[in-house]
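Comments concern the structure below.
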Amino acid sequence: MRKAYEIGFGNSEQELVIDQLPLSGTLPEWVQGTLLRNGPGMFNTGEQNLRHWFDGLAMLHKFTFRGGKVSYANKFLECNAYEEAKEEGKIAYSEFATDPCYTLFDRVKEVFNPGFTDSAKVNIAKLHGQFVALGEPSLQVEFDPETLESVGVFAYDTKVKRHVTTVHPHLEDDTIFNLTTRFGRVSNYRFMKLEREQPPQLVSKQRVKEPAYIHSFGMSPNYLILTEYPFVVNPLSILFHAKPFIENYKWKPERGTRIFIFNRHNGKLVKQTVTDPFFAFHHLNAFEQNGELIFDLVTYPDPEIIDAFYLDRIKADDKKLPGGEIRRFRLNPNGKGGVTSEILCDEGVELPRFDYDSLNMDGSYRYVYSIGVNREKKNSFYDQIVKSDLKTGKAKIWKEENCFPGEPVFLPNPDAKREDDGVNLSIVLDEANGSSFLLVLNSSDFSEIARATIPQPVLFGYHGNFYKTI
Ligand code: CO
């Protein structure tokens with residue numbers, strides 16, 4: 001039997017188009033639409049292997065639910081990084097934690113023209129009707145949701161070469177907000193706003209000497225929240241590309257975590273405060289109550305989680321994966337005083353989802369769906385799905401022997417009376433069968449409703465979204 005970690009961090013076997021996947025169980029009638037997911041499809045090229053979970057070359061997956069049946073297709077995201085890997089058998093662009101093997105001549109050349117990857121592998125968004133694969137470097141790739149073929153390149157900020165964008169834009173009606181970090185002689189964080197048919201607009205700008213690695217940000221009805229963990233970089237080392245992207249960042253806990261609050265209507269910085277050092281990838285919800293700004297994050301005491309995703313460490317299986325904690329922060333955006341925080345649920349989680357479409361910026365939200373690590377076992381990767389109840393602090397768990405689930409996308413029942421009336425969709429790697437299945441869970445009691453079996457394994461992925469129409 002091939003080990004799950006060998007399969008899930010290997011190479012995808014084939015690009016498939018399947019009209020109907022074998023299905024056990026019965027899908028609810030209201031589950032109609034398309035789940036699009038992004039994630040790695042290749043970790044090994046002929047000459048060189050990628051080293052980190054966030055390095056794999058992007059592959060798109062599509063599950064369409066219609067009339068109680070599920071169809072499936074998968075395809076590598078067409079981009080230069082993938083073409084080079086396929087045609088030349090080599091890594092030609094800098095990924096998150098792996099650089100191409102440079103000769104001295106290349107090294108001299110690359111210093112003047114270092115290439116970030118164009119393999120946008122982390123998330124998917126529908127931006128003003130266009131489907132876009134999102135990656136942390138500046139380039140994002142538009143694709144056709146029918147065929148999964150690439151259409152072209154999309155960028156928030158076309159003038160500057162060296163900047164990164166989060167893969168978690170916030171959407172309000174038809175307006176898209178995102179945070180970019182520009183590296184330069186003067187570096188800055190920039191909140192950008194995109195309205196339909198308009199060029200990107202700058203909402204707020206914050207100068208910074210040593211920018212932090214920031215994967216997401218918070219947005220409430222009136223504020224934009226920039227949480228700056230003390231995991232920072234000297235911008236020169238990004239500009240001159242001393243090491244693979246993430247290895248240029250250093251943990252400086254003595255700085256604490258700085259929190260910047262901007263009024264998102266006029267762009268002004270209304271508050272800046274500092275709290276204990278911590279690290280996070282994901283903001284959850286943010287909302288306002290009685291003059292307080294409240295925002296939730298999945299936090300870690302330090303950025304060890306990034307090291308924990310090196311494939312050598314996952315495969316060695318001798319260290320546990322750190323679990324993120326759902327922590328709630330409170331501050332007064334217009335008055336004095338700092339920020340306070342408390343842990344809402346102590347189950348270790350990551351890749352958190354909630355009912356964003358209905359409850360974004362709404363403080364009544366109660367349930368978060370994530371992947372997590374079974375504390376009773378020594379696992380170096382995620383092996384359960386967790387439903388966290390933010391009100392009681394309790395958690396419901398789905399797990400199955402030798403199974404490794406991915407992000408559980410929440411899909412609400414359109415006739416729902418309760419927040420957790422819906423289903424969670426998660427691609428699960430089944431080690432014993434050497435394949436993957438799409439699990440459909442009842443979000444309320446976490447019982448299995450159905451599973452659709454894919455005839456080959458799907459590598460461990462990141463984010464995706466469900467669309468009623470594509
Ligand atoms: Co993310």
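The values are calculated or read from the model by the stated rules, or taken from the named source; none is laboratory data. None of the values given here were measured: they were computed from a predicted structure. Here the Cβ is made from the backbone with ideal geometry for all residues, glycine too, and neighbour counts use every protein chain on show. Please note that ligands, DNA and RNA were not included when accessible areas were found on the heavy atoms of the full protein model with its side chains. Shrake-Rupley method; radii C 1.70, N 1.55, O 1.52, S 1.80 Å.
Structure above, values below:
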{"read-out": "Accessible area (Å², 1.4 Å probe, nearest 10) - Leu202", "value": "80 Å²"}
{"read-out": "Per residue Cα convex hull volume in Å³ - calculated over segment 391-436", "value": "91 Å³"}
{"read-out": "The chain, dipole about Cα centre (Lys/Arg Cβ +1, Asp/Glu Cβ -1), debye to the nearest 20", "value": "1520 debye"}
{"read-out": "Computed Rg/Rh of segment 272-350, alpha carbon atoms with Kirkwood Rh", "value": "1.08"}
{"read-out": "Stretchable slack from Glu195 to Glu88, in nm (0.36 nm times residue separation minus alpha-carbon distance)", "value": "34.5 nm"}
{"read-out": "Convex hull volume of segment 3-467 per residue (C-alpha atoms, cubic angstrom)", "value": "143 Å³"}
{"read-out": "Added length on full extension, which subtracts the Cα-Cα distance from 0.36 nm per residue, Val151 to Lys391", "value": "82.0 nm"}
{"read-out": "Average accessible area per residue (Å²) across segment 3-467 - probe 1.4 Å, nucleic acids and ligands excluded", "value": "40 Å²"}
{"read-out": "Local electrostatic count at Thr340 - Lys and Arg +1, Asp and Glu -1, tallied over other residues with Cβ under 15 Å", "value": "+1"}
{"read-out": "Subset of Lys319/Lys378; Lys205/Lys268; Lys399/Lys468; Lys250/Lys271; Lys205/Lys271; Lys3/Lys377 violating a 19 Å alpha-carbon distance limit", "value": "Lys399/Lys468; Lys250/Lys271"}
{"read-out": "Extension gain (nm, one decimal) between Asp421 and Asn433, 0.36 nm per residue minus Cα-Cα", "value": "1.2 nm"}
{"read-out": "Mean projected area in nm² (Cα convex hull; one quarter of hull surface) for segment 204-301", "value": "6.6 nm²"}
